Every structure is written in C-alpha cells, then in structure tokens.
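Below is one structure, written out as structure tokens; the observations come after it.
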Amino acid sequence: MSATPGLGIAGKLTRAFIVSPLTPLFLLAAFAFGLVALMTLPREEEPQISVPMVDIMLSAPGLKADDAVKLVSEPLETIVKSIDGVEHVYSQTSDNKVMVTARFIVGTETDSAILRVHDKVRANLDRIPVGIAEPMIVGRGIDDVAIVSLTLTPSEAAGEAVTATELTRIARQLRTELSKIDDVGLTYLVGDTDEIIRIAPDPKRLALNGVTLQQLAGKVSGANQAFPAGQVTVDGQSADLMVGETLYAPAEIGNLLVTTRDGRPVYVRDLADVSFAADSTARIVATVTRAENGGVERKPAVTLAIAKRAGANAVLVAEQILERTEALEGSLIPHSMAVEVTRDYGETANEKANELLYHLGLATVSIILLVWLAIGWREALVVAIVIPVTILLTLFASRVMGYTLNRVSLFALIFSIGILVDDAIVVIENIARHWGMGDGRDRKQAAIEAVAEVGNPTIVATLTVVAALLPMLFVSGMMGPYMSPIPANASAAMVFSFFVAVMVTPWLMLKIAGRAPMHHGHADGAASGGALGRLYRAVARPILSSKTSSWIFLLVVGAMTLGSLSLFYTKHVTVKLLPFDNKSELSVVIDMPEGTSVEATDAVAQAVAREVLKLEEVKSTQTHAGTAAPFNFNGLVRHSFLRSESQMGDVALNLTP
C-alpha cells in the first residue's frame with residue numbers, strides 16, 4: 001500500500017500525532033483536566049432544572065371568595081398571563097385572601113422571572129380594587145429545596161423539661177451559625193414556636209378599679225414604644241436622646257402605671273395576670289420514635305431545613321453543615337437537646353454517584369478483559385488507557401457545559417461506554433492486522449494506513465450516533481432539561497472517542513506493541529479470524545448454505561423479536577427510563593374535613609405514626625399538624641409549604657438505608 005493522498009481526515013491526524021512529542025502531553029493534559037473535573041464537578045441526586053414559580057399573594061379583608069375571584073383573582077390572572085415566558089397560571093382564592101401563581105417555561109432564569117412579575121404587576125396596580133394592600137411577590141425555585149434537615153428534640157435525660165419554645169430559641173441560633181457556611185442558601189424552621197408575653201385581664205379587678213379594657217390596652221401599647229428625639233450635648237459630649245422604652249419582661253409590663261384610684265396608684269399587675277406564654281399559632285410538630293418498652297414515644301420537635309446555593313456541590317455543603325453542627329453540640333446545642341439528621345441529600349447523592357462510578361469502572365474492566373482475550377494483552381493495555389482518557393475528557397466537557405455529576409449524567413456515560421470503545425477497538429484491531437501482513441512496511445506507516453482504511457467508516461459511525469442522540473436536547477417541557485445530560489455527555493464522549501482513537505491510540509500502539517511479535521499472520525490469523533472467526537463460520541455456514549435455511553432463520557429471529565416485544569404489552573417486563581430510586585424518606589399527607597381543629601389533625605397524624613412504626617424499615621417519624629414538613633421537589637411544584645390550615649398535616653417517615 002502506498003501513503004498517498006487517500007489518507008483522509010483520520011489518516012492525516014494519525015500521521016501528524018503518531019510520532020509527535022505533543023501526543024504524550026495531550027494524554028497527560030487529558031488526565032489532568034479530567035481528574036480536576038471529576039473532583040470539582042458538583043454532585044447532586046438529580047439534574048438541576050430551573051422551573052421558576054412566582055407566587056403573588058394579596059390580602060383582601062372583608063371579601064368573600066366569590067367576590068374576590070371577580071374583583072381580584074381574574075384581573076390578576078390576565079395581568080400575569082400576559083408576561084413573556086409564563087406557561088401556566090394558577091389561582092387559589094378563599095375568604096379574605098388571594099394567591100396567584102405564575103409558572104414559567106422550564107429553563108427561564110429565576111431572577112429574571114421574578115423581575116418580570118414585579119414589573120408587570122406594579123405597572124397594572126390600578127386594575128386591583130382600591131383598599132387591597134400591595135401584593136407580596138415571592139419566587140421559588142429548585143435551589144430552595146433543602147438538602148439537609150436537622151430536627152431538634154429533647155434528649156432522653158431531659159424528658160419533658162425542654163419545651164418547644166426552648167427548642168425554637170436554640171434552632172434559631174443554630175440557623176445563624178450554619179448560615180455562615182459558604183454556599184448555604186435558604187434556611188427556614190418548621191414547628192418553631194415564638195415566646196410571647198400574655199396579658200390576661202380580670203373583669204372583676206377592672207370593674208373594681210374603674211378601668212376599661214380599652215384603657216388597659218391603650219396604656220400597654222403606648223408604653224411599649226421607643227423613638228429618637230434628637231441629641232443632647234453636655235460638657236463637650238454628645239449623646240442620642242431616646243424617648244420611651246421597649247418592654248421585654250412581664251415584670252416591666254406589670255409595673256406600668258394605668259391610673260390612680262382614691263389616691264392609690266393602679267398598675268397593670270393589679271388589673272391582669274402578666275406572664276410568658278407560647279405563641280398560640282395553631283400548629284403542632286412532634287417526633288415519634290420507638291420507646292424502649294416497645295411502645296412509642298412522642299417529643300416536641302423543631303426542624304431546621306437548609307438549602308444550598310445554585311451550582312454548589314451538595315455533597316460538600318452537606319458535609320460542612322453536619323461537621324459544624326457536631327462541633328456545636330455541647331456548646332451552643334445543650335446536652336438536654338438531641339439533633340437528628342432527618343434529610344441528607346448530600347450523602348445520598350454521593351452514594352449514588354459512587355455506585356454509578358463503580359459500575360462505570362466495572363464496565364471498563366469488562367471491556368479490557370474482552371479485548372485481552374480476543375486480541376492480546378498489549379492491545380488490552382492500550383484500551384485500558386484510552387477508555388479512561390475518553391471518560392475524563394467527557395467529564396471535563398460536562399464541567400465546561402455546566403452540568404453536574406448526577407445519576408442521569410453518569411447513566412449517559414455508562415450507556416455510551418459500549419459505543420465509545422468501538423472506535424478504539426476498530427483502530428487497534430486494524431493496526432494489529434496490518435502489522436501482521438508482513439509486506440515489508442514499517443510499523444509506523446502500516447499504522448497510518450490502517451487508520452486511514454477505517455477512518456471514514458469510523459467518522460460516519462460516530463456522526464450517526466451523535467445525530468441519533470442530539471434530538472433529545474430539544475425535547476420540550478420538564479423532561480427536556482432533566483434528560484439533557486444524556487445527549488450532551490454521550491455526544492461529547494463519542495466525539496472525544498474518535499479523536500482519541502485516531503490521535504492517541506496509534507501512538508500508544510507504537511509505544512506498547514511496536515516492537516512485539518504479532519500473533520496475526522497475513523495468511524493464517526487475518527484470513528481465519530482466529531477462534532472467533534472459526535466459531536462464526538461454524539454457525540453461519542449451515543444457515544447460509546441454502547435459501548430455505550436462511551428463510552427459516554429469518555422467520556425464527558422475527559418471531560422471537562415479536563415475542564420479546566409482547567412482554568412489554570403483557571407487562572411481564574417493566575419499562576423505565578431510569579432505575580428505581582432508593583429514597584430514605586416518605587411522606588403521608590393528611591387532609592381532614594375543612595374546619596377540623598389542629599388537635600384533631602394531630603391525633604390522626606399520631607395514629608399514622610404509631611402504625612408505621614410497626615414496620616422495621618421506619619426509623620422515626622415527624623408529625624405535622626397545621627403546618628408542612630420541609631418540602632422536596634414535588635412539594636415545591638405542589639406548593640406544599642403553603643399547607644398551614646388547621647385541617648392539614650403530614651407525617652414524614654425516615655427510612656433505613
């Protein structure tokens with residue numbers, strides 16, 4: 001053969017890199033960039049999909065639901081629907097309040113969506129009836145979903161000595177400390193209880209002292225004020241002057257002078273009982289666990305939910321949160337309180353990523369062993385270098401494109417590994433075949449011509465796979481961005497596999513097997529195809545010996561194909577795009593009849609908790625009445641965080657791994 005103009009793109013690339021000093025540098029750079037990408041790629045459970053949802057909440061005091069629909073909801077819906085990028089508009093109207101939700105097209109920037117709603121609503125406030133307060137506009141996105149939830153409960157030793165109010169105080173201090181960690185995003189509390197000062201007037205004492213309830217309320221509200229009144233200068237020193245004071249303790253309120261009666265001062269404490277009390281907001285949150293005596297044990301609970309910033313590594317952020325929390329136990333978190341990790345998406349994301357990386361490595365080893373058995377150990381060593389280089393380059397491309405390391409992106413690599421190795425195997429086998437011809441060519445020239453011989457078919461095969469995958473990038477709706485790592489990463493892997501096959505593989509073959517004796521003889525091995533060739537001929541010869549046997553074989557294959565497809569119809573084979581996900585949390589949502597008290601809702605939640613704790617797979621439960629558990633992605637879309645009425649509740653189940 002002659003090294004002439006028919007080399008093509010593949011042959012010319014091989015000729016340029018087969019003895020180039022840049023080839024090993026390219027190989028080292030690919031390893032370096034790929035390893036950096038592997039270590040720095042954010043790890044998450046699922047691909048991060050931007051599904052901006054903007055809530056517009058209005059207070060409409062005095063309006064019944066039917067009137068609010070006509071006067072507020074419908075005008076606001078038409079305003080929101082006219083905003084560019086809004087895909088769906090939902091409204092929820094009840095007595096005295098209205099909420100309209102704008103869901104934007106998947107992929108819209110959250111900040112941009114919120115600004116559009118702000119601008120459009122403010123420009124059309126004249127269409128809202130006079131007397132309706134200015135709306136509150138709140139944007140929610142995927143990054144508001146908490147990756148870590150920490151539930152504070154009284155410890156075993158503390159018993160009932162620790163109240164929900166004390167748990168709330170510590171939880172708020174813990175939230176302040178954990179918010180200092182880099183890449184921590186939204187934080188919020190579930191089940192928090194504010195401490196208030198309750199003034200309980202006694203009608204008899206009010207009548208005895210001739211004081212009305214309005215006088216008492218006016219005195220307390222007027223006394224609990226402080227405002228600046230300028231500055232005073234004395235002896236060259238300047239100081240701010242404040243009038244009044246803010247009251248902090250029951251004793252301060254009790255000592256307020258209300259009036260005088262028969263020359264005797266009458267204080268607030270003479271008219272009412274003043275004491276600390278828990279906020280009377282209708283919500284009850286508790287943790288229910290198995291007791292040592294075989295029953296169940298209920299404790300008050302407050303949960304701190306922590307989300308991460310957009311683009312942050314969920315694994316690293318979660319690890320830092322848990323390390324910081326552990327360091328604060330015994331100091332900020334007293335020994336009378338226990339902290340339970342009720343959600344850790346960082347740990348589950350890391351486990352799934354490591355499991356998929358393990359399977360990726362297992363697939364690579366399987367291919368290397370197959371090449372070793374079919375061709376030789378030197379060729380297998382080349383494949384052992386080529387496949388990791390291609391995968392690492394793909395991870396680097398994934399990092400540049402802004403993707404994260406999740407089960408979908410790793411599924412794309414596992415899915416494509418059987419295809420991307422084809423280019424290298426074709427090149428390796430053809431180089432080995434040309435070297436075994438014994439026609440007097442040196443091995444460098446034989447390798448160039450071997451690559452050129454299969455170059456064009458390899459390019460066509462690569463482009464065909466890319467063309468088959470890329471349309472997935474243009475799928476609309478939520479599934480498009482969710483599945484986009486598959487076409488992006490698999491296509492990148494195919495393109496990289498071609499260039500590695502024609503640039504790096506011939507160089508490796510020359511370095512590793514360039515001086516070794518070849519086991520492919522031109523007259524024997526290449527013609528016979530070795531053991532696999534002999535096996536193929538033994539099977540194919542009887543089938544191709546006559547037209548009748550060929551048709552019989554074709555009909556059998558067709559019947560088996562149709563039979564296998566029928567398994568989908570009969571549901572003997574379950575069809576899923578991705579494998580089942582092993583979640584460690586589960587929620588039981590409770591909707592009681594409207595008007596049900598929070599105590600009745602809590603009783604149902606407790607009954608559910610007692611039943612599910614009979615299952616060995618359930619570690620503990622958190623019951624919520626009049627409020628919702630920390631929301632996940634489903635809760636974000638369904639707005640479960642707005643479930644705050646007395647008849648609403650849920651039970652969060654923490655399962656064993």
Unique match (being farther than 29 Å from ARG290 by Cα, β-branched (Val, Ile, Thr) and not in a loop (DSSP other than H, G, I, E, B)) among VAL130, VAL121
VAL121
Please find, among ILE137, ILE142, ILE128, the residue that is within 22 Å of ARG309 (Cα to Cα), among the β-branched types (Val, Ile, Thr) and in contact with a Leu (Cβ under 8 Å, 6 or more places away or on another chain).
ILE142
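Every residue, every condition in (1) open to solvent by 60 Å² or more (accessible area, probe 1.4 Å); (2) touching a residue at least 12 places away in the same chain (Cβ under 8 Å); (3) over 30 Å from GLU611 (Cα atoms); (4) β-branched (Val, Ile, Thr), yes or no:
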{"residue": "ARG269", "(1), (2), (3), (4)": "yes, yes, yes, no"}
{"residue": "ILE306", "(1), (2), (3), (4)": "no, yes, no, yes"}
{"residue": "ILE321", "(1), (2), (3), (4)": "no, yes, yes, yes"}
{"residue": "LEU332", "(1), (2), (3), (4)": "no, yes, yes, no"}
{"residue": "THR348", "(1), (2), (3), (4)": "no, yes, no, yes"}
{"residue": "THR364", "(1), (2), (3), (4)": "no, yes, yes, yes"}
Would you please list the contacts, defined by Cβ atoms under 6 Å and residues six or more apart or on different chains, that run from a residue in segment 30-52 that is touching a residue at least 60 places away in the same chain (Cβ under 8 Å) and assigned to a loop (DSSP other than H, G, I, E, B) to a residue that is open to solvent by less than 10 Å² (accessible area, probe 1.4 Å) and small (Gly, Ala, Ser)?
GLU44/ALA314; GLU44/ALA349; GLU45/ALA349; PRO52/ALA113; PRO52/GLY141
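One line per residue, one yes/no per condition, for (1) surrounded by fewer than 19 Cβ atoms within 10 Å (Cβ to Cβ); (2) under 20 Å from HIS434 (Cβ atoms); (3) out of contact with any helix residue (DSSP H, G or I) (no Cβ under 9 Å at 6 or more places or on another chain); (4) not small (Gly, Ala, Ser):
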{"position": "THR458", "(1), (2), (3), (4)": "no, yes, no, yes"}
{"position": "LEU470", "(1), (2), (3), (4)": "yes, no, no, yes"}
{"position": "PHE474", "(1), (2), (3), (4)": "yes, no, no, yes"}
{"position": "ILE486", "(1), (2), (3), (4)": "no, no, no, yes"}
{"position": "SER491", "(1), (2), (3), (4)": "no, no, no, no"}
State all residues of segment 365-415 that are closer than 24 Å to ALA29 by Cβ, modelled with pLDDT of 85 or more and of a type in the set (S, T, N, Q); if no residue qualifies, say none.
THR390, THR394, SER398
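Out of all the residues in segment 506-527, is one or more touching a strand residue (DSSP E or B) at 6+ places or on another chain (Cβ under 6 Å), in a helix (DSSP H, G or I), of a type outside the set (Lys, Arg) and modelled with pLDDT of 85 or more? Walk me through it before giving the result.
Quick first cut of segment 506-527, residues touching a strand residue (DSSP E or B) at 6+ places or on another chain (Cβ under 6 Å) only: none.
Checking segment 506-527: not a single residue is touching a strand residue (DSSP E or B) at 6+ places or on another chain (Cβ under 6 Å), in a helix (DSSP H, G or I), of a type outside the set (Lys, Arg) and modelled with pLDDT of 85 or more.
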So, in segment 189-216, how many residues would count as being closer than 22 Å to ARG169 by Cβ, part of a loop (DSSP other than H, G, I, E, B) and in contact with a strand residue (DSSP E or B) (Cβ under 7 Å, 6 or more places away or on another chain)?
3
Scanning segment 283-304 for residues that are touching a strand residue (DSSP E or B) at 6+ places or on another chain (Cβ under 9 Å) and open to solvent by 50 Å² or more (accessible area, probe 1.4 Å) gives ARG283, ARG290, VAL296, GLU297, ARG298
Just to be sure before I move on: is GLU252 free of Cβ contacts under 8 Å to residues at least 40 places away in the same chain and not in a strand (DSSP E or B) in the structure I sent?
yes
For LEU125, work out the one condition from (1) more than 20 Å from GLN48 (Cα to Cα); (2) surrounded by 17 or more Cβ atoms within 10 Å (Cβ to Cβ); (3) of a type in the set (A, V, I, L, M) it doesn't fulfil.
(2)
Reported set for segment 70-86 where residues are of a type in the set (D, E, K, R) and open to solvent by 70 Å² or more (accessible area, probe 1.4 Å) is LYS70, GLU74, LYS81, ASP84
What's the total number of residues in segment 604-657 that are touching a Lys or Arg at 6+ places or on another chain (Cβ under 7 Å), farther than 17 Å from VAL285 by Cβ and open to solvent by 20 Å² or more (accessible area, probe 1.4 Å)?
2
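Can you tell me which residue in segment 14-29 is nearest to the chain's Cα centre (by Cα), limited to those that are in a helix (DSSP H, G or I) and β-branched (Val, Ile, Thr)?
In the first step, residues of segment 14-29 are kept if they are in a helix (DSSP H, G or I); the result is 14-17, 22-29.
Then keep just the ones that are β-branched (Val, Ile, Thr); that gives 14, 23.
Details: THR14: 43, THR23: 39 Å.
Among those residues, the one meeting the criterion is THR23.
Of all residues in segment 282-327, count the ones that are of a type in the set (A, V, I, L, M, F, W, C), part of a helix (DSSP H, G or I) and more than 21 Å from ASN654 (Cβ to Cβ). Steps first, please.
Going residue by residue through segment 282-327, those that are of a type in the set (A, V, I, L, M, F, W, C) are 282, 284-286, 288, 291, 296, 301-302, 304-307, 310, 312, 314-318, 321-322, 327.
Filter again for part of a helix (DSSP H, G or I), leaving 314-318, 321-322, 327.
Checking the rest, the ones that are also more than 21 Å from ASN654 (Cβ to Cβ) come to 316, 327.
Residues that pass the stated criteria total 2.
Are any of the residues in segment 128-140 among the β-branched types (Val, Ile, Thr), surrounded by fewer than 22 Cβ atoms within 10 Å (Cβ to Cβ) and free of Cβ contacts under 8 Å to residues at least 12 places away in the same chain?
From segment 128-140, those among the β-branched types (Val, Ile, Thr) are 128, 130, 132, 137-138; that's our starting set.
Then keep just the ones that are surrounded by fewer than 22 Cβ atoms within 10 Å (Cβ to Cβ); that gives 128, 130, 132, 137-138.
Next, only the ones that are free of Cβ contacts under 8 Å to residues at least 12 places away in the same chain stay: 130.
Checking segment 128-140: at least one residue is among the β-branched types (Val, Ile, Thr), surrounded by fewer than 22 Cβ atoms within 10 Å (Cβ to Cβ) and free of Cβ contacts under 8 Å to residues at least 12 places away in the same chain.
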Criterion first (buried (at least 18 other Cβ atoms within 10 Å of the Cβ) and within 30 Å of HIS88 (Cα to Cα)) does VAL190 satisfy it?
yes
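Mind telling me which of the residues ILE9, ILE114 ends up being part of a helix (DSSP H, G or I), surrounded by fewer than 18 Cβ atoms within 10 Å (Cβ to Cβ) and touching a Gly at 6+ places or on another chain (Cβ under 8 Å)? Walk me through it before giving the result.
Values: ILE114 fails: surrounded by fewer than 18 Cβ atoms within 10 Å (Cβ to Cβ).
Going through ILE9, ILE114 in turn, just one is part of a helix (DSSP H, G or I), surrounded by fewer than 18 Cβ atoms within 10 Å (Cβ to Cβ) and touching a Gly at 6+ places or on another chain (Cβ under 8 Å): ILE9.
Pick out the one residue from ALA171, ALA157 that is in contact with a Leu (Cβ under 6 Å, 6 or more places away or on another chain) and either open to solvent by 40 Å² or more (accessible area, probe 1.4 Å) or at pLDDT 85 or above (or both). Show your work before the answer.
On the way: ALA157 fails: in contact with a Leu (Cβ under 6 Å, 6 or more places away or on another chain).
The unique qualifying residue is ALA171.
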Residue satisfying all of: in segment 41-63; charged (D, E, K, R) and touching a strand residue (DSSP E or B) at 6+ places or on another chain (Cβ under 9 Å); nearest to ASP143 (Cα to Cα) among these
GLU44
So in segment 539-563, with the set limited to residues that are over 48 Å from the mean Cα position of the chain (by Cα) and among the β-branched types (Val, Ile, Thr), which one is least open to solvent (accessible area, probe 1.4 Å)?
ILE543
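The values are calculated or read from the model by the stated rules, or taken from the named source; none is laboratory data. All of these numbers come straight from a predicted model, not from anything done at the bench. Every residue, glycine among them, receives a Cβ derived from its backbone with ideal geometry; neighbour counts consider all protein chains shown. The protein model used for the area step is the full one, side chains on, heavy atoms only, and it has no ligands, DNA or RNA in it. Shrake-Rupley method; radii C 1.70, N 1.55, O 1.52, S 1.80 Å.
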